[in-house]
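The values are calculated or read from the model by the stated rules, or taken from the named source; none is laboratory data. Since we're looking at a predicted model, the values are computed, not measured. Virtual Cβ from ideal backbone geometry, glycine too; neighbours counted across all protein chains shown. Side chains included, ligands, DNA and RNA excluded: accessible areas come from the protein's heavy atoms. Shrake-Rupley method; radii C 1.70, N 1.55, O 1.52, S 1.80 Å.
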Number of protein chains: 2
Amino acid sequence: MTVVRTDNDQTRVVVEDREGLRMLRFTNLREAFDGGLLQYGVDVPGRKLDDLDETQLASVAAGAGKVLCVGHNYRQHILEMGHEIPSRPAIFSKFTDVVIGPFDPIELSPESEQWDWEAELAFVVSRTTRGVSPAQASGSIAGYTVANDVSARDWQKHSSQWLLGKNFPRTTPVGPWVVTTDEVDPSRGLIVTCSVDGVEKQRSSTSDLVFDAPAILSYLSHAMQLDPGDVVLTGTPAGVGAARSPQQWLADGKTVTTQIEGIGRLTNVCYATPTPIPNP
Amino acid sequence: MTVVRTDNDQTRVVVEDREGLRMLRFTNLREAFDGGLLQYGVDVPGRKLDDLDETQLASVAAGAGKVLCVGHNYRQHILEMGHEIPSRPAIFSKFTDVVIGPFDPIELSPESEQWDWEAELAFVVSRTTRGVSPAQASGSIAGYTVANDVSARDWQKHSSQWLLGKNFPRTTPVGPWVVTTDEVDPSRGLIVTCSVDGVEKQRSSTSDLVFDAPAILSYLSHAMQLDPGDVVLTGTPAGVGAARSPQQWLADGKTVTTQIEGIGRLTNVCYATPTPIPNP
C-alpha cells in the first residue's frame, strides 16, 4: 500500500492486490487503518504500485500520530564503534513536518555543516497497541517500508539529546510503499544499502538488527500507546559519513539512493535551502 | 487566554480582556492564533478566568503541533548536581497525548516505579517562527503558562535518550491559562514552586534560568519551524524526587500543586492506572 498525491494537493491511499490497484477514499494510512482498509475503493485493474509515477508518491508517514526512531541497532556497527550491545533500544522521535515522499528533495539547511545519511528499515503500526509482548506486537505490524534518517550531526551533538539533529524540516524520506508482513520478513535477512551519487556507502542485512520490529514495538508499547499509521524507524547500519575517515557529508545536488531488498527504493536529490528569512 | 471544555466533548478558546471573558469559535490556541484571536467572539461581560470552574479547563497545549522541552536550565540545580553550565539547551519533545488539563488526574502507569515531579515555566508561540534572534523571538511569544513535566525516571535512564520517560500518556499538566507578555515578565524573577500533599519540594525563581524563553525559541528556530500554538517547557529547578536522599516518588492519591507567581496554579491528583490490557 502507499499514498499518492492527486490534483488539488489532496492525497489518497492506494492498495495493491491480485487484481491490481485500488484507490481508497482515505488521505493517509492512519485514516485507512482506522476506517478499514478495503472500504469504498475505486479499482484500477491490471496496474501495480511499480507502475505509479514516482513524483506522484507521497510519504507513507504523512499524517502519522507518532514517528519514532531507534538509535544504535546493528551489531556490526555497534561493535566497530567500540560500544557494547545495548540492553534496551535508544528511542527518539520526529515531528511530522520532517518526513517527505520517497522521491522528494532532501532539504539541507545552511544551519548545519554536517549532513549525513542513515538508511533504515521502518515499519507501520496497524492497530492501537499498548503493553504487548513481542509475539503480540507482531500482529500490530502492518508492514515494512524504507526510510533515510538524514541527520545534522553537529546539531545532534549540541547536547545529550539528539532531537534537533533529527528534526530539520523535510529531511526524512519514507516509502515508497508499505509491503505487508505476509509478503516480506526482515528476520530472514534483507539487504539494506545506501548510495550517494551512485557510490555505495552502507550495506548490511536486517538479520544484523539487535532489536527487531516486534521487540521494538513491544518495548515502546509499555511506555506509550501506538496507534494505526504510526511509523517506527529501526536504526541504521555501519557506513555513515560521520564514522568515515575523513568524514563525508551530503551537499547540494548529491543524490541519495536508499534501498531494501524485497521492499523498495528511495531516490532523493539534496537541495541546499537558502537561509530562512526571519520574521521581524 | 485559556481553553475550556464545553458540552459534547468540545473545547473552546476563552480570552479575558477589560470587559470580561470572550468565548471564541476556535477549539485550540493553534487555531486561535492562525485565525486571529478576536474574531467571532461571544462576550461574557464581567467574568474573569479566575471565575471558571476548574474542571472545565482543558490543557492550553492540546492541539499544539509541537510540544518541546528543555533539560537542565536552572543554574542552582545544575551546580548542585555537579554539572557545568551548558552552552546550549538540551531539547526533547512530547507527543500531544501526554498533555492534560490543569486540574486533571496524572496517570501513573505501573510500568514505572520512579514517578517524579518537575515544576516548569512554559511559553506558547503566537506565529510562524524560523531563524530568528532572541530579540526577534520575543515577538513570537504569546505568553506564559505553568507545566509539570512529570517523569518516569527509570524509563528516562533506559538509554541516553530521555524520550520514553517523558512521554507516558496523560502525565503532563499544562495551564491553567496563558498570561500574555504585556502582563508578565519572567526575567524579573517569578517564584516557581511544587508541593506534594502540601509539602513544598521545589522553590526557585525564573531569574535563575540559564536560557530564557526568547533564547530558547531563537535556538529552536534555527533547527525547525515553530508554529502558532506550539508550547515549550523551559526546564525544572532543584528539588526533584530523584535528587533527594532518600529518593522520593509520586504515588496513587498524592496531590501535586505547581505554581508560578503571576501566572497560575495547577492541582493534579495522581492516579495509579491498572496494567493495560494488551490486544491479542
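For this structure, a couple of remarks:
- Restricted to segment B:181-280, the set of strands (runs of 3 or more DSSP E) holding at least 3 residues that are more than 21 Å from B:Ser133 (Cβ to Cβ) and touching a helix residue (DSSP H, G or I) at 6+ places or on another chain (Cβ under 7 Å) is empty.
- The residues on offer are B:Ala215, B:Ala152, and the sole one that is in contact (Cβ under 8 Å) with a residue 24 or more places away in the chain, at negative phi and touching a Ser or Thr at 6+ places or on another chain (Cβ under 6 Å) is B:Ala152.
- Members of segment A:3-46 found to be crowded, with 17+ Cβ neighbours inside 10 Å and at pLDDT below 80, listed by number: A:Leu37, A:Gly41
- Among the residues of segment B:74-97, those that are touching a Ser or Thr at 6+ places or on another chain (Cβ under 7 Å), more than 8 Å from every other protein chain (Cβ to nearest Cβ) and open to solvent by less than 80 Å² (accessible area, probe 1.4 Å) comprise B:Tyr74, B:Lys94.
Let's see how each residue does on (1) part of a loop (DSSP other than H, G, I, E, B); (2) under 30 Å from A:His158 (Cα atoms):
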residue	(1), (2)
B:Val13	no, no
B:Phe33	no, no
B:Ser59	yes, no
B:Gly63	yes, yes
B:His83	yes, yes
B:Arg88	yes, yes
B:Ser93	no, yes
B:Ser112	yes, yes
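Matching residues to (1) touching a Leu at 6+ places or on another chain (Cβ under 9 Å); (2) closer than 30 Å to A:Glu84 by Cβ:
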residue: B:Ser87; (1), (2): no, yes
residue: B:Thr96; (1), (2): no, no
residue: B:Glu111; (1), (2): no, yes
residue: B:Leu121; (1), (2): yes, no
residue: B:Gly131; (1), (2): no, no
residue: B:Ala137; (1), (2): yes, no
residue: B:Gly143; (1), (2): no, no
residue: B:Ser151; (1), (2): no, yes
residue: B:Lys157; (1), (2): no, yes
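- Residue within segment B:165-179 that is open to solvent by 10 Å² or more (accessible area, probe 1.4 Å), hydroxyl-bearing (Ser, Thr, Tyr), modelled with pLDDT of 95 or more and touching a strand residue (DSSP E or B) at 6+ places or on another chain (Cβ under 8 Å) present: no
- Answer residue from segment A:156-182, given it is within 30 Å of A:Asp17 (Cα to Cα) and without any contact (Cβ under 8 Å) to a residue 60 or more places away in the chain and is nearest to the other protein chains (Cβ to nearest Cβ) among those: A:Thr181
- Residue match in segment B:207-230 (condition: within 11 Å of chain A (Cβ to nearest Cβ), buried (at least 24 other Cβ atoms within 10 Å of the Cβ) and under 16 Å from the mean Cα position of the chain (by Cα)): yes
- Only listed residue being within 20 Å of B:Pro186 (Cα to Cα) and either more than 11 Å from chain A (Cβ to nearest Cβ) or in contact (Cβ under 8 Å) with a residue 40 or more places away in the chain (or both), chosen from B:Gly71, B:Gly63, B:Gly101: B:Gly71
- Qualifying residue in segment B:139-146 (condition: open to solvent by less than 40 Å² (accessible area, probe 1.4 Å) and within 11 Å of chain A (Cβ to nearest Cβ)): yes
- Scan of segment B:74-98 for residues that are farther than 19 Å from B:Ile216 by Cα and without any contact (Cβ under 8 Å) to a residue 60 or more places away in the chain, ordered by number: B:Leu79, B:Gly82, B:His83, B:Thr96
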